[in-house]
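Undergrad: Sharing a structure below in structure tokens format, with a few things to ask.
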Amino acid sequence: MVTSAPARRPTVVAGYRSEGGHHGTHASSAPSIGGARRAGYSLAIVFSAALLIVLNGSPGWQAIPFLTSDTAQVLWLVNLSLAAGTTVAAAAPAEAEGTAATDQ
């Protein structure tokens, strides 16, 4: 009696779709994707935090030559956007780890 292994779902990594074989379906490829994702979220957090410090620190946005005095009117929106992006990026790795366990 011949039994076959359960069918694997195709793997999609950065636009590359693997239908089977050794490319893209090896079990060790999953941690590298998660690591890259965490690194991207970490980079987004660092970049957003740096922008918040540069824009709101002393001398702040006034020292940036291409920003005009009208910047003060929208600075709170920029701060809100950067803070929201940082919050989402900080929560995303934990969410991704939870969904990765259910995908397997």
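The values are calculated or read from the model by the stated rules, or taken from the named source; none is laboratory data. Remember, predicted model here, so these are calculated numbers, not experimental data. Using ideal geometry, Cβ is built from the backbone for each residue, glycine included, and neighbour counts are taken over all protein chains shown.
Undergrad: Any idea which of 65, 10 is out of contact with any helix residue (DSSP H, G or I) (no Cβ under 7 Å at 6 or more places or on another chain) and at pLDDT 90 or above?
TA: 65
Undergrad: Only one of these is surrounded by 12 or more Cβ atoms within 10 Å (Cβ to Cβ) and at pLDDT 95 or above: 54, 78. Name it.
TA: After applying the criteria, what remains is 78.
Undergrad: Find the residue count for region 44-93, including only residues that are more than 30 Å from residue 34 (Cβ to Cβ) and either touching an Asp or Glu at 6+ places or on another chain (Cβ under 6 Å) or part of a helix (DSSP H, G or I) (or both).
TA: 16
Undergrad: Same structure again: State the number of residues belonging to region 69-97 that are under 18 Å from residue 49 (Cβ atoms) and under 13 Å from the mean Cα position of the chain (by Cα).
TA: Number satisfying all stated conditions: 9.
Undergrad: Additional query: Scan region 38-51 and tell me whether some residue there is at pLDDT 90 or above and farther than 19 Å from residue 93 by Cβ.
TA: Yes, region 38-51 has at least one match.
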